[in-house]
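Asks: Here's a structure for you.
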Amino acid sequence: MQSQHERHRKTISPVIAGHSRHLPARSVLACVIVAALAGVLSPSQAHAQSAEQLQRENAQLKAEIARLRQAAGLPLEAGTAAPPNTAAQASVEPIPASDVGDAALLDAVIVKSEQIKQQAASISAVTGEELEKFHVNNFRDIVNRIGNVRTSWQNPNTASIFVRGVGWAAGAGVLEPSVGVSVDGVGHGINAISALSNYLDIESVQVVRGPNGTEGGRAANVGRVEITTRKPSFTPEARAAITLGERNTTIATAVVGGAIIDQKLAYRLSVNREATDGPFDNANDTHYSWRNTDRTNVRAQLLFTPNDRLEANLSVDVTPKGREICENCFWFNTRTPATYDWTNPVTGQPGQVNYAEDVFGKLQRRWFAQNPNYTIDDYYRPRVNTIGEYPNTYKTAGVTANVAYKLSDATTLTSITGWRDYDFSQGAGSHTGFEWLRAPRGTQTSFEQLSQELRLDSQLSDGLSLRAGGFYFHGKFPNYSQTERYGTDAGAYYANAAQYALLDPINPALPNAVDAAGRLLLFNSTYGLITQRKERYDNKTLAAYSNIKWEVSDDFSVNAGLRVSRETRNTRAGSAILADGFAGELNPAKVNNVTYNGFANDASGNLAAGNNAAQLALADLVAQKYFGVATYGALSTRQRQQVAAAKAIRAGRIGSSYLEVAAPEYQETLFSGVLGANYRINDALTVYGSYRYGEKPGITQIVGATALGGKSVPAKAESTQAWELGFKSLLLDDKLSLAGTVFLQDIDDYIQNTFVYDEVQTALNNDGKPAYVAALGNVPKVRTRGLELDVAYFGIPYTTLRFSGAYTDATYRKFPRAPNPAELGGGNPAGPYYDASGKTLPGAPKVSGNLFADFSYPLGQVWALQSNLNYNYQSSYYTDTLLSRYARTDPLGTTDFSIGLGRQDGRFAISLVARNLFDQDTGVPLTWNSYKPGIPRWLGVTVQASLY
């Protein structure tokens with residue numbers, strides 16, 4: 001049986017061979033010594049080694065490097081003797097340098113595969129070297145290259161990340177994500193930060209699936225994406241790249257670094273600037289195109305190593321304000337189907353859609369027909385044609401301090417401190433040539449987080465290691481608000497059919513005649529009105545964790561971990577008018593516990609009892625302003641009805657007002673745990689099994705209101721149990737890395753974004769459609785199960801292949817009160833909810849996979865032909881959280897390709913890059929009458945250069 005040292009040497013040999021092509025021998029030697037001491041000797045064993053033993057080990061490693069360099073046809077380092085031609089050495093097959101391909105990429109993939117192999121968990125990863133092949137730096141494109149983790153968002157503020165089919169709508173907005181993201185050990189409190197940031201200078205990105213947190217960091221009960229960036233080095237570095245392409249694309253990156261004080265202080269500066277026009281120009285405003293990109297990222301680091309015990313790394317990154325017309329700022333409209341998916345019990349026929357209350361009918365009202373340059377056909381035409389569209393604005397910044405201090409050779413204390421903020425403002429208008437909604441409107445978000453972790457790593461004995469620590473997190477939303485601004489066309493659009501007919505009647509005998517008072521009421525009912533729902537959240541976590549690993553033998557190890565956290569959540573919310581606009585006199589007298597000082601009237605416009613003198617005077621003002629009549633009592637029955645209609649339109653836009661109120665505080669102690677085992681069957685195959693348990697904090701929130709004010713609607717804590725059985729192997733003389741996992745994951749009280757039927761708003765709208773208010777709620781039971789597979793193959797000359805894929809079956813096992821999708825809405829006699837039990841979760845394709853191939857063929861001693869291909873596939877899935885049958889995608893596979901010429905030493909490369917090479921339609925249906933177009937094929941040229 002091979003010793004542990006021999007097995008480890010066999011693993012790192014290809015790494016040494018690859019790096020020896022482009023690193024000085026001293027650097028290779030240092031890497032080998034560090035790897036050997038870290039992987040072969042425990043701290044206590046290293047401490048026990050005598051100086052003579054270390055010298056012998058050092059000599060053996062030097063001989064190994066010399067042999068590999070000689071086998072590859074490379075010159076030996078000065079002063080190094082040629083190795084003896086022993087039989088043992090002759091039995092090792094040389095690795096021809098010309099067959100290696102991209103050595104840096106190969107090394108990175110092999111090293112990462114070996115790291116993953118040592119852990120009893122389902123982990124997939126992508127290396128920074130691979131991402132750089134396509135200049136990939138945005139979060140969505142990065143994680144979509146990893147198996148069974150995907151993203152979807154309509155703008156960064158509504159970002160969702162899901163693993164094993166779970167998490168699509170479980171992380172958007174203020175909701176704490178089920179899938180966490182950490183960068184250099186600092187977890188993000190919201191997915192929006194992850195989605196907004198562009199990542200450059202990446203070492204690796206990996207996803208750890210299932211509940212985690214017993215080894216530190218911010219816990220996540222479905223999975224965690226861990227991004228590791230490159231740290232400062234004492235070796236000088238200066239490299240840059242620029243990509244120019246279609247749609248005025250410019251992507252520029254630069255990295256510089258090196259020693260400030262040799263072996264004491266080093267720096268690293270990374271800069272990225274990306275600007276791209278979107279694929280669709282706005283017909284009404286060409287200043288911004290739809291889905292443009294406008295992002296700048298700067299990150300500066302300092303590494304301080306005053307002695308061999310202390311290492312401190314300080315990182316500051318900034319993403320200044322950018323302006324983008326995001327994905328949900330527009331979509332293509334299709335005509336609403338004529339019937340619903342339910343049967344009218346009276347007629348026995350499918351329920352009929354009332355087109356008079358649909359956009360199709362509203363845009364044919366006389367008010368909108370006055371514009372000859374915009375018709376109903378324009379509304380359904382596949383182009384961007386909006387007025388007053390503002391770009392969304394985003395920015396974020398952060399500071400991270402990582403300090404590691406060796407208390408002894410066997411024990412290290414680590415401190416990880418992180419601060420970050422995030423700011424977002426939505427600018428979307430009405431998405432048409434009319435202005436029923438006026439930009440800027442929508443969501444405004446301010447978020448700030450602070451985290452502190454203290455971690456102790458200790459080698460208790462030869463086979464026993466411990467990690468334990470404490471974690472603190474404070475995340476707060478000083479402002480999370482939803483603002484609606486109503487424009488010149490809002491009254492005519494939001495009026496129901498009866499209200500519109502009353503205020504803008506058409507006389508068949510005089511079709512061009514207008515009711516001036518009625519149209520003024522229609523115009524003023526909402527013009528200039530601004531409403532705002534404002535929320536504030538304050539979330540705190542205080543946790544302790546420990547994880548112990550016992551290497552029972554060279555072949556068998558077990559690990560167990562426990563995390564206990566105290567979670568506190570506080571919420572305040574209020575909703576009211578922010579600005580009256582042109583017609584404060586049409587305000588209601590009171591909504592719930594908010595007094596607006598309008599006058600009270602019934603549905604026919606008759607004054608209600610109890611109006612005070614000021615309110616009666618206001619009613620008289622309405623009579624004078626709109627009808628030229630001295631008193632309200634002198635109005636005719638029809639005129640009073642017109643006033644009531646205008647006030648009802650306005651009341652519908654104001655909705656359920658309530659004074660700011662605090663929801664009951666949420667406090668609970670939650671637990672996470674893991675129990676796993678790793679068994680090495682032989683040098684080529686390791687199997688593992690694990691059980692993981694995690695809990696996610698519940699929710700305190702205000703949803704809608706009663707007559708007394710805001711209504712508290714709490715959500716319970718979410719719990720996850722995950723069982724995994726997998727294998728990890730290196731086969732075919734270490735040319736094939738193969739890993740697979742079978743998993744079963746059950747979630748109770750799954751928290752997701754949902755919608756609650758709002759009886760009050762439904763009555764206010766009075767258009768025959770159910771109204772819902774967005775909320776966070778619990779789904780009783782969710783299950784996801786399947787198979788995950790990761791493959792890397794290095795056996796083809798000049799080529800590196802990597803595949804990551806999964807089969808996932810993610811379903812709602814019990815969801816009896818799901819809100820109706822559009823096709824089940826209208827006057828459905830079954831009510832506003834349906835039973836979604838057994839349906840597949842949104843955003844959960846059953847089959848997904850990513851194939852990456854790198855081909856690097858040497859052209860002489862200096863240059864190499866370089867080509868890369870990335871193919872991403874996903875089967876059909878729901879794009880709508882309501883699971884509309886109309887919102888289901890077709891299976892889709894997209895291909896990115898690059899080909900170019902580069903120096904073998906990495907000093908220069910130029911390549912042609914194609915994204916979505918075959919111009920696949922990547923658009924998705926959103927619901928039964930809207931479609932979001934995708935990004936067409938893009939071509940560009942990338943030039944990369946390095947001074948060292």
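Rule-based calculations on the coordinates, nothing more; no lab input. If you're wondering where the values come from, they're calculated on a predicted model, not measured in any experiment. Quick reminder, even Gly has a Cβ in these numbers, built from the backbone with ideal geometry, and neighbours come from all protein chains shown.
Asks: Looking at the square roots a ≥ b ≥ c of the eigenvalues of the Cα gyration tensor of the stretch 859-927, which shape do they give, rounded for a/c under 1.5, prolate if a/b is larger than b/c, or oblate? Let's see the in-between values first.
Replies: Numbers: a/c = 4.65, a/b = 4.39, b/c = 1.06.
Prolate, because a/c is 1.5 or more and a/b exceeds b/c.
Asks: Spin-label point model (7 Å from Cα, Cβ direction): what's the residue 355 to residue 685 distance in nm?
Replies: The two pseudo-label positions are separated by 6.6 nm.
Asks: Suppose every K and R has +1 on its Cβ and every D and E has -1 on its Cβ; what is the size of the dipole of the chain about the Cα centre, in Debye to the nearest 20?
Replies: 960 debye
Asks: Now a separate question. Roughly speaking, what is the centre-to-centre gap between the stretch 420-438 and the stretch 789-813 when only Cα atoms are used, to the nearest Å?
Replies: 40 Å
Asks: Please list the non-local residues whose amide H lies under 5 Å from the amide H of residue 278, H modeled 1.01 Å from N, same-chain partners needing a gap of 5 or more.
Replies: Excluding prolines and chain starts, which carry no amide H, the hits are 289, 290, 292, 293.
Asks: Let me ask you something else. Ordered by residue, what ³J(HN,Hα) values in Hz, to whole numbers, does the stretch 624-638 give under the Karplus form 6.51 cos²θ - 1.76 cosθ + 1.60, where θ = phi - 60° and Gly and Pro are x?
Replies: 6, 5, 9, 10, x, 10, 5, 10, 5, x, 8, 5, 6, 4, 5
Asks: Assuming a ≥ b ≥ c are the square roots of the Cα gyration tensor eigenvalues, decide whether the stretch 207-263 counts as rounded (a/c under 1.5), prolate (otherwise, with a/b larger than b/c) or oblate.
Replies: Oblate, because a/c is 1.5 or more while a/b does not exceed b/c.
Asks: Excluding residue 746 itself, what net charge comes from residues whose Cβ is under 15 Å from its Cβ, given Lys and Arg +1 and Asp and Glu -1?
Replies: Once all neighbours under 15 Å are counted, the net charge is +3.
Asks: Could you work out the local net charge near residue 716, counting Lys and Arg as +1, Asp and Glu as -1, over the other residues with Cβ closer than 11 Å to its Cβ?
Replies: Overall, the nearby charge balance is -4.
Asks: Starting from the Cα of residue 760, step 7 Å along the direction of its Cβ; do the same at residue 609; then give the gap between the two resulting points in nm.
Replies: Here the answer is 2.5 nm between the modelled labels.
Asks: How long is the gain from residue 373 to residue 706 if the chain were fully straight, where each residue apart is worth 0.36 nm and the alpha carbon distance is subtracted?
Replies: Extra length from residue 373 to residue 706 when fully extended: 115.4 nm.
Asks: Cα axis of helix 25-40 to longest principal axis of the chain: angle in degrees, 0 to 90, nearest 10?
Replies: Once rounded, the angle reads 80 degrees.
Asks: Using Cα pairs closer than 8 Å and at least 6 residues apart in sequence, work out the relative contact order for the chain, in percent.
Replies: Once normalised by length, the contact order is 10 percent.
Asks: Along the positive direction of the dipole of the chain (beta-carbon charges: Lys, Arg +1; Asp, Glu -1; about the Cα centre), which of 624, 468, 550 reaches farthest?
Replies: The listed residue farthest towards the positive side: 624.
Asks: Between 282, 305, 319, whose Cα lies farthest towards the positive end of the dipole of the stretch 263-331 when Lys and Arg beta carbons carry +1 and Asp and Glu beta carbons carry -1, centred on the Cα centre?
Replies: The residue sitting most towards the positive pole is 305.
Asks: What are the ³J(HN,Hα) values, in whole Hz, obtained from phi via the Karplus relation 6.51 cos²θ - 1.76 cosθ + 1.60 with θ = phi - 60°, for each residue of the stretch 870-887 in sequence order, with x given for Gly and Pro?
Replies: After applying 6.51 cos²θ - 1.76 cosθ + 1.60, I find 10, 10, 10, 10, 8, 7, 5, 7, 7, 9, 10, 5, 7, 6, 5, 5, 7, 9 Hz.
Asks: Calculate, for residue 254 and residue 450, the FRET efficiency according to 1/(1 + (r/R0)^6) with r their C-beta to C-beta distance and R0 30 Å; round to the nearest 0.05. Present the calculation step by step, with values, prior to reporting the outcome.
Replies: Numbers: r = 30 Å, r/R0 = 1.01.
Working from the Cβ atoms, E equals 0.50.
Asks: Based on Cβ point charges of +1 for Lys and Arg and -1 for Asp and Glu, what charge dipole magnitude is obtained for the stretch 675-737 about its Cα centre, in debye rounded to the nearest 20?
Replies: 320 debye
Asks: Length gain on complete extension for the stretch residue 262 to residue 907, per 0.36 nm per residue less the alpha carbon to alpha carbon distance?
Replies: Net length gain for the segment: 229.8 nm.
Asks: Continuing with this model, one more query. Determine the dipole magnitude for the stretch 864-930: charges of +1 sit on the beta-carbon of Lys and Arg, -1 on that of Asp and Glu, nothing else is charged, the reference point is the Cα centre, and the result goes in debye to the nearest 20. Spell out each step's value before the answer.
Replies: Numbers: 5 positive and 6 negative charges, 30 e Å.
That gives a dipole near 140 debye.
Asks: Taking the Cα centre of the stretch 816-914 as the origin and placing charges on Cβ (Lys, Arg +1; Asp, Glu -1), which of 911, 891, 866 is farthest toward the positive end of the dipole?
Replies: Value computed over the given set: 891.
Asks: Right, something else. What order, most packed first, do the peptides 750-762, 299-311 have when packing is the mean number of other Cβ atoms within 10 Å of each residue?
Replies: Details: 750-762: 19.4, 299-311: 15.8.
Highest-to-lowest ranking by the protection proxy: 750-762, 299-311.
Asks: Can you tell me the length gained on complete extension of the stretch residue 918 to residue 312, counting 0.36 nm per residue apart and subtracting the Cα distance?
Replies: Extra length from residue 918 to residue 312 when fully extended: 213.4 nm.
Asks: Give me the one-decimal nm value for the distance between modelled label points at residue 409 and residue 859, 7 Å along each residue's Cα-to-Cβ direction.
Replies: Modelled inter-label distance: 5.3 nm.
Asks: Moving on to the next point. Summing +1 for each Lys or Arg and -1 for each Asp or Glu, what net charge is found among the other residues whose Cβ lies under 15 Å from the Cβ of residue 849?
Replies: Result for the local shell: +2.
Asks: R0 = 51 Å: FRET efficiency of residue 203 with residue 721, Cβ-based, nearest 0.05?
Replies: 0.95
Asks: Indicate the gyration tensor shape class of the stretch 184-291 (rounded, prolate or oblate), computed on the Cα atoms with a ≥ b ≥ c the square roots of the eigenvalues: a/c under 1.5 is rounded; otherwise a/b larger than b/c is prolate and the rest oblate.
Replies: Oblate, since a/c reaches 1.5 and b/c is not below a/b.
Asks: Separate question: Taking Cα atoms, how many degrees apart are the long axis of helix 51-71 and the longest axis of the chain, rounded to 10 and kept between 0 and 90?
Replies: With both axes taken from Cα atoms, the answer is about 80 degrees.
Asks: Where does helix 103-117 land angle-wise versus the long Cα axis of the chain, in degrees 0 to 90, nearest 10?
Replies: Compared with the principal axis, the helix lies near 80 degrees.
Asks: Work out from phi, with θ = phi - 60° and the Karplus expression 6.51 cos²θ - 1.76 cosθ + 1.60, the ³J(HN,Hα) of each residue of the stretch 825-837, listed in order in whole Hz, and give x for Gly and Pro.
Replies: Working through the residues one at a time gives x, x, x, 3, x, 7, x, x, 10, 9, 8, 9, 4 Hz.
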